[in-house]
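Presented below is the structure to which this report refers.
What follows is calculated from the coordinates using simple rules that are stated; it is not laboratory data. Computed from a prediction, not measured in an experiment: that's the story for all the values here. Counting neighbours? That spans all protein chains shown, and the Cβs are built from the backbone with ideal geometry, glycine included.
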Amino acid sequence: MRKIELKKRTFKFEDDIDVIIEKKVTPFGTGAKLDCPKEFIGRRAYILVSKD
């Protein structure tokens, strides 16, 4: 069961997680991209984008 809870300055996420990947977003054409290992192709991904 997935549970996401957002409160002021707090983020709580409960789910089965294999790994957390943190990378820099890079430009790609007129958009942007975030690379991850190919072993995760076809899997659901969560990206958290902060203001800074």
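Observations on the structure shown:
- Residue-count net charge about PHE13 - beta-carbon cut-off 10 Å; Lys, Arg +1, Asp, Glu -1: 0
- Phi to ³J(HN,Hα) by Karplus 6.51 cos²θ - 1.76 cosθ + 1.60 over region 38-45, Hz, x for Gly, Pro: 5, 5, 9, 4, x, 9, 6, 10
- With the convex hull of the Cα atoms taken as the outline of the chain, the averaged projected area works out to 5.2 nm².
- For trypsin sites (Lys or Arg not before Pro), the sites in the chain that DSSP calls loop and that have at most 12 other Cβ atoms within 10 Å are ARG2, LYS8, ARG9, LYS23, LYS24, ARG43, ARG44, LYS51.
- In order along region 24-37, the phi-based Karplus estimate (6.51 cos²θ - 1.76 cosθ + 1.60, θ = phi - 60°) of 3J(HN,Hα) comes to 7, 6, 10, x, 8, x, 9, x, 8, 9, 9, 7, 9, x Hz; Gly and Pro are listed as x.
- Restricting region 11-52 to GluC sites (Glu not before Pro) that sit in a DSSP loop and have at most 10 other Cβ atoms within 10 Å of their own Cβ leaves GLU22.
- Extension gain from ALA32 to LYS8, taking 0.36 nm per residue of separation minus the Cα-Cα distance: 5.9 nm
- Sequence-separation-based contact order of the chain, relative, with Cα cut under 8 Å and 6+ spacing, percent: 18
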